[in-house]
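*Asks:* The structure's right below; bear with me while I get my questions together.
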Amino acid sequence: MREISFHGTSKNDLRTFPSDARGEAGYQLSKVQQGLEPSSWKPMLNIGPGVCEIRIREESGQYRILYVAKFADAVHVLHAFQKKTQRTAKADIELAKKRYKEIGRTP
């Protein structure tokens, strides 16, 4: 099983999720660590090659985790946030792009 590498404030951001969403996030990330697909996800090619978004819907709201799992060493979590509008905010996309570039290598 690959380790999870959190970038920037993504680990602390994930910790601010309500307990139901945090538990679901942990479960979905463990699936990714095992090479499986999360239950609800979509590719985020506008951020970078291989970047995906885990979608979590709980009673407390909608939450997202942006990650890349194409590298052999780890699952890289770029950003975790609560989604408050239908479209992903530009600031969230730009932050994930910046963190993706900081990984700075090819698969």
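*Asks:* Look through the range 46-76, keep the residues that are of a type in the set (A, V, I, L, M, F, W, C) and in contact with a Cys (Cβ under 8 Å, 6 or more places away or on another chain), and return whichever of them is farthest from Thr88 (Cα to Cα).
*Replies:* Ala69
*Asks:* With Gly48, Gly35, Gly8 as the choices, which residue is in a loop (DSSP other than H, G, I, E, B), open to solvent by less than 10 Å² (accessible area, probe 1.4 Å) and either at pLDDT 95 or above or out of contact with any Pro (no Cβ under 9 Å at 6 or more places or on another chain) (or both)?
*Replies:* Matching residue, one of Gly48, Gly35, Gly8: Gly48.
The values are calculated or read from the model by the stated rules, or taken from the named source; none is laboratory data. Remember, predicted model here, so these are calculated numbers, not experimental data. We place every Cβ from the backbone using ideal geometry, glycine too, and count neighbours over all the protein chains shown. These area figures cover heavy atoms from the full protein model, side chains too; ligands, DNA and RNA do not enter into them. Shrake-Rupley method; radii C 1.70, N 1.55, O 1.52, S 1.80 Å.
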